[in-house]
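K.L.:
My structure is below; once you've seen it, I'll send some questions.
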Amino acid sequence: MRETLGKLGKRRSLLARLLAVASPGRPKAARNAALTCAASWGWPVVPGVETRPDGSCGCSRPGCVVPGAHPSIPGLLAATTDPRMVRWWWTQWPQAPLLMATGGRAPCALSLPAAAGAWALSELDRRGVHTGPVVATPTRFLLLVAPYGLPELGELLHARDRVPSALRFHGEGGYALLPSSPPGGGAGVRWERPPVPSQGGIALPSAADLLDVAIEAGLNTPDTGSRLAY
């Protein structure tokens, strides 16, 4: 009898998981967003840690400061563009946030506090500089840029007198939280400026194109000091 009930429970669990993926709403949207990034744009992705109902992080670290915005199991090194793996991950964890491994062939990013990021976008528009995709989180703006290596970034920064600590760089070995559905990731993550597909892929500016304005924004716009930094 216990064995029969156990089998029935497993079947119900599997059915519920499949229904969650097949049903409309966020689970399906999250999977589709991950598949678009991986299969259509060629950006390697990995699921982030799911948040608990109270908004705290599902990881084992007490008081995690980036709830739902970092990889766990699988780790960042497992990031892939394989649609079969991506589909399986978001079947297992349909509510998982969407993380992109930055660098290599994938975009890198310049990250600023939200107020500084908004100012930077306005100033770049005023100067007629193309920005490419921009991700907005509750605390920061991430400006996606063409891949860069550490030597290139080092030369760019060496040529500047000051670089604000509020300006962060997501390059090789890093990751960026991407929108998985409105509001996305359970954390209000959205496309401030969505990717625009073209025949050559997603158009991305170089870090050098945006760096001077990003530095000016970081120096002149106060950081709110929020403990959340994703």
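K.L.:
Across every pair of different alpha-carbon atoms, what Kirkwood hydrodynamic radius in Å does segment 91-187 reach?
P.N.:
About 14.6 Å for segment 91-187.
K.L.:
Could you run the Karplus curve 6.51 cos²θ - 1.76 cosθ + 1.60 with θ = phi - 60° over segment 81-94 and give me ³J(HN,Hα) per residue in whole Hz, x for Gly and Pro?
P.N.:
Going residue by residue, I get 9, 5, x, 5, 5, 4, 4, 5, 4, 7, 7, 6, 10, x Hz, with x marking Gly and Pro.
K.L.:
Taking the C-alpha atoms of segment 87-130, how large are the radius of gyration and the largest Cα-Cα span, Dmax, in Å?
P.N.:
Rg, Dmax (Cα atoms, Å): 16.0, 45.
K.L.:
Still on this model: Give me the percent of accessible area attributable to carbon and sulfur for segment 101-183, probe 1.4 angstrom.
P.N.:
On segment 101-183, the fraction of accessible area on carbon and sulfur atoms equals 55 percent.
K.L.:
Oh, and also: How much length is gained on full extension from Asp125 to Leu157, taking 0.36 nm per residue of separation minus their Cα-Cα distance?
P.N.:
Value of the extension gain: 9.2 nm.
The values are calculated or read from the model by the stated rules, or taken from the named source; none is laboratory data. None of these values were measured; they are calculated from a predicted model. We work out accessible area using only protein heavy atoms, side chains counted, and drop any ligands, DNA or RNA first. Shrake-Rupley method; radii C 1.70, N 1.55, O 1.52, S 1.80 Å.
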